[in-house]
Each structure stands twice: as structure tokens, then as C-alpha cells.
Amino acid sequence: MFDFSIVTNWIHQMLTSVMPEGWAVFIECVAIGVCIILMYALLAIVLIYMERKVCGFFQCRLGPNRVGKWGSIQVVCDVLKMLTKEIFMPKGADHFLYNLAPFMVIIASFLTFACIPFNKGAAILNFNVGVFFLLAASSIGVLGILLAGWGSNNKFSLIGAMRSGAQIISYELSVGLSILTMVVLMGTMQFSEIVEGQADGWFIFKGHIPAVIAFIIYLTAGNAECNRGPFDLPEAESELTAGYHTEYSGMGFGFFYLAEYLNQEGFKVTQATVSRDIRDLKLTKIPSENGKQRYALHQHNENGMSEKYIRVLREGYLSMDMAQNILVIKTVAGMASAVCAALDAMKWNEIVGSIAGDDTIMCAIRSVDDTVKVMDKISKIIL
């Protein structure tokens, strides 16, 4: 195997010959960091593309196939889109924790990635307690996930973070024991020595039973810590929208996405965020001049009633009756909630409050006279 230290020593000697050693070391550190980021990004792109293609094959579809040959640069375009997306801060979020969480996850991922001996003499972090450092550094990612859930001020994010944290901690034990199997077999915690000890062949290919069992456990537990199916309960799109990174956009989401693939510890404006903002701003879709639809502030007519509310009231209403200052309205089955919401939106001062069941609405009116007035108003709308 080629000794890469020959190249690194030559580069160091060349830099020290033209500048002080301190500046040379600084430039070397920056170059190493850039190389790690490039390898990190390249590996992530390949893994994401492979996963999407394999999932497409399992589900009898093509997967990415639009951009590039066989969709090969689709992931690159997705990364560029993610880099240019605006980063939104959710209302009520803890700004410090919300911004800190993605960096904690990605830093933990970088530290574990840097422990890999890529070649002889090309190990970035290579010391005699490398396995211990790997397990300690990878555990930082759990804190980032929990901070993301807590700092987002979103119940879906918090539940997803708690699920993910519990799952990662549970499988961390299995990952640690499988790695310690290699430590026991090789008698060292230094990754470069573990790799050199298998230069003539990996233990799993030599039929070494403990190594094969450790490999299977590590593969399963690693898949679980990455939240990939069937261990994707922390994200559970059908109930938690997107899990702990629901409220993240742009590169905040990108950091979590990369860490899930490359660090086994593992907003984008999400649909939940957009829907909530649309509701808070009281926006509604209206037809535009080009035939498409756009969002606009909801407009009311002079009586404070929109055509939508009038239509709902007309379609759902069946009959009404009064008992003193209580007005009971019968509606089509299942329409009571919609008709009740329409009455509330009209903001009639006579109505104190209303309760809806499946086909019945009970309105509390201020007085008997006001009850008659409300009945007259409803009658005019219905007619």
C-alpha cells in the first residue's frame, strides 16, 4: 500500500521553506478541512442517490431520472437548491438553541468522519484511543437532536427528538459492543493498526464468527441510528410531519440530513409551518389573472360575511328553533362544525358562544330579543 505520509511530508517541507512553520501548519489544517468537507459531501451525494434508486427499485418505480443520465446529478441539484433556500426562524423558538443544534450534529459527524484512516499515512485523527474518541464524539449528536426538538417550540419536533434520542441511545450500546469486538480481536484501539491488521483480508471474509456477528449487529444498529426504514419511527411523516427537524429550512435542514447519512447519530419551511402562518395571517386562495391561484388577505363584504361562509350556511342548514336565549340549529349530518365556524366568523354581537356536534349547533344568545334578531338574520341568508 502506498504510504501517503511521503506526500504530506513533502508538502510540509515545501511550505516551511517559504513561510514560518506556524503559517504552514495553519494552511495545512485549512486544506485538510476543505478536503474533509469535499469527501464528506461527495460521499453523502453518492449515498443519497443510491438510497433513492434502491428504494425506487423496491417500490417498482424509476427513482431520480430527470436531471443527468439516469438522474445522476439530481442530488447535486437538490443540494444547490438547499443551499439557496431562505432560512426561517419559527415564532417562539429559542434562537440560540435553534441555531446551535444543527452545528452540534454536523460537528459530531465531522469528528467521527475524521477518525477514518483513508490510507497509510492519510489518517487525520490517529491516536491510540481512537475507538474511545469515536464513541465519545458520536454521542454529541444526540444533544444536537434534543436541542433541535426543544428549541423549535414545536410539539411535533419535541416528540420526534425524544423518540430519536431514545432510539439512538438504545442502539448506541449495540454499536459500541460491535466495535469493541474488533478491539478485543486486534488488541488495540488505534484505527490505523486495526486496518493494518486486516491487510491480508477482512475477518468477515475469513469466516471469523465473532467478527461476522459484530458486522451484522453494527449494520442493523447503524441503520437504526440513521433513522432509515424500518427504524424511521422518530420521523414518522404520517404523524410527526418530519420529526425533530420539522421547523428547519435551508442548510439547517441540510446539516441534519447529511449527519443522518454520514454520522450514525443520526427548515426548511415545512408544510406545518406554512399552514400555520397562512392561518395566522388569515390568507385565502383567490384566482389570479393568468388562471392560477394566489394567496390574498381575506376580504369581507359590508355585513362581515364572505361568500364562502354564506355558501356553507346555505348548504348545511336544515332548521332552527329557540328556547329563551338558546338557539338550536339542525344541519346536514357532519356539517355542524362548518356551519358553526361560519356563524363565528360573522362576528355577530348577539351571539356569546356556540357549540357544534355532528348535526346540531347550540348558540348562547345574550337575550330573547337578540335570539329573534339572529334567527331573522339567518333566515335572510338562507332565503
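Does residue 69 meet the test of being more than 15 Å from residue 48 (Cβ to Cβ) and not assigned by TED's automatic domain parsing to the domain that holds residue 143? Talk me through it step by step, then tell me what you get.
On the way: more than 15 Å from residue 48 (Cβ to Cβ): yes; not assigned by TED's automatic domain parsing to the domain that holds residue 143: yes.
Spelling it out, residue 69 is indeed more than 15 Å from residue 48 (Cβ to Cβ) and not assigned by TED's automatic domain parsing to the domain that holds residue 143.
All conditions but one from (1) under 19 Å from residue 379 (Cβ atoms); (2) at pLDDT below 80; (3) not in a helix (DSSP H, G or I) apply to residue 319; the one that does not is (2).
Among the residues making up region 26-63, a single one is within 21 Å of residue 8 (Cβ to Cβ) and acidic (Asp, Glu): 28. Would a scan of region 78-89 turn up a residue that is exposed (fewer than 12 other Cβ atoms within 10 Å of the Cβ), in a helix (DSSP H, G or I), polar (S, T, N, Q) and touching a helix residue (DSSP H, G or I) at 6+ places or on another chain (Cβ under 9 Å)? Within region 78-89, one or more residues are exposed (fewer than 12 other Cβ atoms within 10 Å of the Cβ), in a helix (DSSP H, G or I), polar (S, T, N, Q) and touching a helix residue (DSSP H, G or I) at 6+ places or on another chain (Cβ under 9 Å). Mind checking whether some residue in region 180-192 is of a type in the set (Gly, Ala, Ser) and touching a Pro at 6+ places or on another chain (Cβ under 7 Å)? Yes.
Considering only residues in region 330-383 that are outside any helix (DSSP H, G or I) and among the small types (Gly, Ala, Ser), the one that is modelled with the lowest pLDDT turns out to be 334.
Looking across region 146-155, just one residue is in contact with an Asp or Glu (Cβ under 8 Å, 6 or more places away or on another chain), surrounded by fewer than 20 Cβ atoms within 10 Å (Cβ to Cβ) and on the phi < 0 side of the Ramachandran plot, and that is 150.
When 158, 173, 143 are checked against the criterion of being more than 21 Å from residue 220 (Cα to Cα) and either of a type in the set (Lys, Arg) or surrounded by fewer than 18 Cβ atoms within 10 Å (Cβ to Cβ) (or both), a single residue qualifies: 143. For residue 305, indicate whether it is more than 30 Å from residue 154 (Cα to Cα), touching a Leu at 6+ places or on another chain (Cβ under 9 Å), of a type in the set (A, V, I, L, M, F, W, C) and at pLDDT below 85. So residue 305 fits the description; yes.
Across region 93-112, which residue is surrounded by the most Cβ atoms within 10 Å (Cβ to Cβ) among those that are more than 21 Å from residue 133 (Cα to Cα) and of a type in the set (Phe, Trp, Tyr)? Here the residue is 98. Given the condition more than 30 Å from residue 190 (Cα to Cα) and outside the structural domain of residue 192 (by TED's automatic domain parsing), answer yes or no: does some residue in region 19-32 qualify? So far as region 19-32 goes, yes, one or more of its residues are more than 30 Å from residue 190 (Cα to Cα) and outside the structural domain of residue 192 (by TED's automatic domain parsing). Confirm whether residue 327 is modelled with pLDDT of 85 or more and buried (at least 16 other Cβ atoms within 10 Å of the Cβ). So residue 327 fits the description; yes. The numbered conditions (1) under 20 Å from residue 32 (Cα atoms); (2) at pLDDT 80 or above are all true for residue 97 except (1). Among (1) buried (at least 17 other Cβ atoms within 10 Å of the Cβ); (2) under 30 Å from residue 169 (Cβ atoms), where does residue 41 come up short? For residue 41, the failing item is (1).
The values are calculated or read from the model by the stated rules, or taken from the named source; none is laboratory data. None of the values given here were measured: they were computed from a predicted structure. Note: ideal-geometry Cβ built from the backbone for every residue, glycine included; neighbour counts use all protein chains shown.
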